[in-house]
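None of the figures in this text is laboratory data; all of them are computed from the coordinates on show. It should be emphasised that the depicted structure is a prediction, and the values quoted were computed from it without experimental measurement. Cβ: placed from backbone, ideal geometry, glycine included. Neighbour counts: every protein chain shown.
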Amino acid sequence: MGVLNVTPDSFSDGGDFFTPEKAVQRALRMEAEGAAIIDVGGESTRPGAAPVTEADEIGRVVPVIEALQSRLRVPISIDTQKPAVMQAAIDAGAGLINDVNALREPGALEVAAAGGVPVCLMHMQGDPRTMQDEPRYRDVVDVVKEFLAQRLAACEQAGIRREQVLLDPGFGFGKTVSHNLQLLARLEEFTRLRQPLVVGLSRKSMIGKLLGLEVGERLPASIALAVLAVERGAILVRSHDVAATWQALQMHVALRDTHQEQEN
Ligand code: 8Y4
């Protein structure tokens, strides 16, 4: 899953500004590099990021989705917590909802059910503004698993079929480095929920904290984490660096297929 941020600050390397055409070029490149899904997001979920109004977020993502949907072969996902943005994105051609808030916003379950698109439910403790202030858990793996099982049940009650639900433990969302490491070490436990498992580890601050690296220096560690997650059962990896991540994961797949042949 290739990340396509369409926030005003996200295309600012070199002083140029974001345009739908630049976003399209970036998306087409990620598709050519092996992305299976392009994840379009118009709101920054970084700790302390300024909130975006519904109208602004729609104004950012809809022109990009409209421009993309006829030119991409892979599905477009909409990274949002807002039901109105989900609806506008589905109308523009989005084929998946990626919600870091797991459809807890009032009206979100209904929009997702009526839209008929698959949903990725992510665990987050607290909200992006304060989630990194001393997060605590009884047992982070158990708590996150129980949360995702509850949200899956809420989806089914709202009329979203199980086959349409992906689950994500939400690395970095209200978690310390230790919490993130426990989640990755025990990621296989999430496969017991019997739903496709998604992870986002790309460039995240756990790498910065463990290794003392700035965001732009985190690719090698991000690739290692992607492979470790897929070895433990993840089937979709959200990444800012599609070409490098795809190469690494293809090597994992080649090795896994060799093991399977030995068994058969
Ligand atoms: C540098 C760059 C440092 C980006 C941190 C970040 C996930 C997600 C995000 C995730 C799913 C991010 C939208 C956070 N993370 N969706 N979204 N899973 N499903 N931070 O882990 O990339 S945004």
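Please give every one of the aspartates and glutamates within straight-line cross-link reach of residue 82, meaning a C-alpha to C-alpha distance under 19 Å, and leave out same-chain neighbours fewer than 8 residues apart.
39, 43, 54, 56, 57, 66, 91, 99, 105, 110, 127, 168
Between residue 49 and residue 163, what length comes free when the chain is fully extended (0.36 nm per residue of separation minus the Cα-Cα distance, one decimal in nm)? Don't skip to the answer; put the middle values down first.
Values: separation 114, 0.36 × 114 = 41.04 nm, distance 3.35 nm.
Here the answer is 37.7 nm.
Can you run the Rg to Rh ratio on the range 113-175? Use alpha carbon positions and the Kirkwood inverse-distance Rh. Walk me through the numbers on the way to the answer.
Details: Rg = 13.0 Å, Rh = 12.6 Å.
Here the Rg-to-Rh quotient is 1.03.
Starting at 0 and stepping by 5 Å, how many percent of the alpha carbon pairs of the range 205-264 end up in each bin?
The calculated distribution, bin by bin, is 4, 17, 25, 20, 16, 9, 4, 3, 1, 0.
Which helices of the chain meet both criteria: a Cα extent of 15 Å or more along the helical axis and a mean Kyte-Doolittle score no lower than 0.0, with helices taken as whole DSSP H segments?
Qualifying helices, which must be both long enough and hydrophobic enough, are 54-69, 140-157, 219-231.
How do 127, 99 rank when sorted from fewest to most other Cβ atoms within 10 Å of their own Cβ? Walk me through the intermediate numbers first.
Details: 127 15, 99 26.
Final ranking by Cβ density, sparse to dense: 127, 99.
Can you pick out the pairs among 22/175; 145/204; 22/145 whose Cα atoms lie more than 29 Å from each other? List each step's numbers first, then the result.
Details: 22/175 33 Å; 145/204 21 Å; 22/145 38 Å.
As for pairs spanning more than 29 Å Cα to Cα, those are 22/175; 22/145.
Provide the convex hull volume over Cα atoms per residue for the range 111-222, in Å³.
Working: hull volume 13.7 nm³, N = 112.
Spelled out: Cα convex hull of the range 111-222, divided by residues, is 122 Å³.
Sort 186-194, 161-169 by the packing proxy (mean of other Cβ within 10 Å over each peptide's residues), most packed first.
Working: 186-194: 15.3, 161-169: 18.9.
Top to bottom by mean Cβ count within 10 Å: 161-169, 186-194.
Write down the radius of gyration of the range 74-132 and its Dmax, each obtained from C-alpha positions, in Å.
For the range 74-132, the Cα-based Rg and Dmax read 11.3, 35 Å.
Rg to Rh ratio, the range 49-94, alpha-carbon atoms and Kirkwood radius? Write out the running numbers ahead of the final one.
Details: Rg = 10.6 Å, Rh = 10.8 Å.
When Rh is taken as the Kirkwood radius, the ratio is 0.98.
Can you give me the Kirkwood hydrodynamic radius for the chain, using every pair of distinct Cα atoms, in Å to one decimal? Walk me through the numbers before you get to the answer.
Numbers: mean 1/r = 0.0531 Å⁻¹.
Roughly 18.8 Å, rounded to one decimal.
By how many nm would the segment from residue 252 to residue 36 grow when fully extended, if each residue of separation counts as 0.36 nm and the alpha-carbon distance is taken off?
Numbers: separation 216, 0.36 × 216 = 77.76 nm, distance 1.65 nm.
The residue 252-residue 36 span can extend by a further 76.1 nm.
Relative to the present Cα-Cα distance, how much length would full extension add between residue 21 and residue 137 at 0.36 nm per residue of separation? Can you show the working numbers first?
Numbers: separation 116, 0.36 × 116 = 41.76 nm, distance 4.35 nm.
The span from residue 21 to residue 137 would gain 37.4 nm if fully extended.
Would you mind computing, in nm to one decimal, how far apart the modelled labels at residue 129 and residue 259 are, each placed 7 Å from Cα along Cα→Cβ?
Here the answer is 4.5 nm between the modelled labels.
Please list, by residue number, everything in the range 42-78 whose backbone N is under 13 Å from a paramagnetic label point 7 Å out along Cα→Cβ of residue 84.
Those under the cut-off are 52-60.
Above 25 Å lies some portion of the pair distances; for the range 50-153, what is it as a whole percent of all C-alpha pairs?
Values: 1440 of 5356 pairs.
Summing the P(r) tail past 25 Å for the range 50-153 gives 27 percent.
State to the nearest 20 debye the size of the charge dipole of the range 104-192 about its Cα centre, where the only charges are +1 on K and R beta carbons and -1 on D and E beta carbons.
Values: 11 positive and 13 negative charges, 14 e Å.
Computed about the Cα centre, the dipole is about 60 debye.
What does the helix-only formula give at 222 nm for the chain: each DSSP H stretch with n ≥ 4 adding -39500 (n - 2.57), the total divided by the residues, and the result rounded to the nearest 500 deg cm²/dmol? Before the final figure, lay out each step's value.
On the way: 9 runs with 116 residues, N = 264.
So the calculated ellipticity at 222 nm is -14000 deg cm²/dmol.
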